[in-house]
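Worksheet: one structure, shown below.
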Amino acid sequence: MSELTHYKETAADLRMQLDEALIDHEAFETLLKPCTLERCSATCCYDGVYLSDEEARGVNWLVENERERFVDYGLKLPTDTVVKVRNGKAQKTATRPAEVGELAKDFPQHFEKTRCVFLDSLGRCGIQRMCMEDDLGDWYLKPLTCWIHPIVILPKSRERPRPIITIVQLDKDPQKTDGYPGFASCTHCGRAEKGGEPAWRVLEKELHALGEVAGRDIFAELSAPKIDY
């Protein structure tokens, strides 16, 4: 876990959830297609990403110390790259209006036509680009919610005595409301598609990384052969 992410406190909090989490084996059989920028143009980043306090501090530090580098990537970062939302109860990366040609051809109609401010015109993430150039690993400085997408950890609740690691189904998307069909299940990498492969195979890299955070081999648990009794 120490080498995977810069956000140790956030990872430790996530690990506590993952330690007792169930795995939704059926959901991970959902057929998905691998993420490619050519196909999706970073659709999942349209609204930015919600941040823990630690991640917000990290993003602000990056901008303060590496702003010129982001400029070299073609990014025009606003003064405030982390903004308060939900009446100040949450924080996320800021967004900007999408420019002509930036959105995928099948961009969901219920998504706002906006982009995370860390995306360039080709949909590349400036934070991830910095990580890769500095040999830190693809996701070291990226918020954890970014790189586990479309994997979702649903917290325990009255209906769920334990957290669950899952892939969101269209009819059960937790973000679904009147007039908003959902989020993860509507993005290219989270959308069930004929001709795809089981999600546990497509998301092998993310599952290995999540397993490193959890201290358990989540991929092995998902890929183990079924036993008939």
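Beta carbons closer than 9 Å, at least 6 apart along the sequence or on distinct chains, pair a first residue in region 162-181 that is over 15 Å from GLU29 (Cβ atoms) with a second that is open to solvent by 80 Å² or more (accessible area, probe 1.4 Å) and aliphatic (A, V, I, L, M) for LYS176/LEU170; PRO181/LEU170. Residues being within 21 Å of the chain's Cα centre (by Cα) and buried (at least 16 other Cβ atoms within 10 Å of the Cβ): count how many of those fall in region 51-69. Final tally of qualifying residues: 9.
Out of all the residues in region 31-63, which are over 18 Å from ASP80 (Cα atoms) and out of contact with any Gly (no Cβ under 8 Å at 6 or more places or on another chain)? Answer for region 31-63, where residues must be over 18 Å from ASP80 (Cα atoms) and out of contact with any Gly (no Cβ under 8 Å at 6 or more places or on another chain): PRO34, CYS35, THR36, GLU38, ARG39, THR43. Among the residues of region 30-42, the ones that are among the charged types (D, E, K, R) and open to solvent by 80 Å² or more (accessible area, probe 1.4 Å) come to 1 in all. Flag: THR10 does not match the condition of being open to solvent by less than 20 Å² (accessible area, probe 1.4 Å), in contact with a Leu (Cβ under 9 Å, 6 or more places away or on another chain) and of a type in the set (S, T, N, Q).
The values are calculated or read from the model by the stated rules, or taken from the named source; none is laboratory data. All values reported here derive from a predicted model rather than from experimental measurement. With ideal geometry, Cβ positions are generated from the backbone for all residues, glycine too; neighbour counts draw on all protein chains shown. Side chains included, ligands, DNA and RNA excluded: accessible areas come from the protein's heavy atoms. Shrake-Rupley method; radii C 1.70, N 1.55, O 1.52, S 1.80 Å.
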